[in-house]
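**Student:** Mind having a look at this structure? Questions to follow.
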Amino acid sequence: MEPALRFQLRIAVSPALADTLRADPTCASHGALRDVLRRHDATLKCQFEAFADYVSEAERQGTENYPLYQWTRETIENPEKKAKYLQSFTVYMSGDEVYGKDVADILENELLQLVSEDGIQRVSRFDTNPANNPQPPRR
């Protein structure tokens, strides 16, 4: 039996909101977002910071055990990609980066209600099916 797909949500936000969210992960400055996250025991993590953490951990532990090390390092060192990922935030639910469809559906619908030109610009959904996701580059 195939394991059930798990999902991850990400939000892309304006540069100004990204700066604010990175400085205050409680989302105090965006009450509606804060309320949605609290309702679902959810938190945000900046994608750029997650990539930087991965690179730092790989360098401490030995890069041979981190298949995405080189790709991730090149990504965070590229100014255009850095700018993009500084505005992208992964939604963690109860500390988990992937979660079931039912909770992902509910949270996604609530986040979509917050999309606006000056704040949350886009909500994206990803799943754990390898066929739907880029695979690590071969090196």
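**Student:** Within the chain, which complete DSSP H helices have Cα atoms spanning at least 15 Å along the helix axis and a mean Kyte-Doolittle hydropathy of 0.0 or higher?
**Tutor:** Those that pass (Cα extent of 15 Å or more, hydropathy at least 0.0) are 101-112.
**Student:** Which FRET efficiency value, to the nearest 0.05, do you get for residue 57 and residue 98 by plugging their Cβ-Cβ distance into 1/(1 + (r/R0)^6) with R0 = 22 Å?
**Tutor:** 0.70
**Student:** Still on this model: Compute the FRET efficiency between residue 115 and residue 49 as 1/(1 + (r/R0)^6), taking r as their Cβ-Cβ distance and R0 = 22 Å, and round to the nearest 0.05.
**Tutor:** E(calc), rounded to 0.05, equals 0.45.
**Student:** Let me ask another. With contacts defined as alpha carbon pairs under 8 Å and 6 or more residues apart, what's the relative contact order of the chain in percent?
**Tutor:** 45 percent
**Student:** Determine the principal axes of the Cα atoms in the chain, then give the extent along each, sorted from largest to smallest and rounded to whole angstroms.
**Tutor:** Over the chain, Cα extents along the principal axes are 43, 43, 24 Å.
**Student:** Can you list which of the trypsin sites (Lys or Arg not before Pro) found in region 1-43 are DSSP loop residues with at most 14 other C-beta atoms within 10 Å? Before the final figure, lay out the partial values.
**Tutor:** Values: sites: 6, 10, 22, 34, 38, 39; in loops: 6.
Listed in order of number, the matching sites amount to none.
**Student:** Grab the Cα-Cα distance for residue 68 and residue 126, subtract it from 0.36 nm times how many residues apart they are, and report the gain in nm with one decimal.
**Tutor:** That works out to 19.1 nm of additional length.
Since every read-out is calculated from the coordinates, none of them should be taken as a lab result. Keep in mind it's a predicted model, so treat the numbers as computed, not measured. Cβ sites come from the backbone with ideal geometry, for glycine too, and all protein chains shown count toward neighbours.
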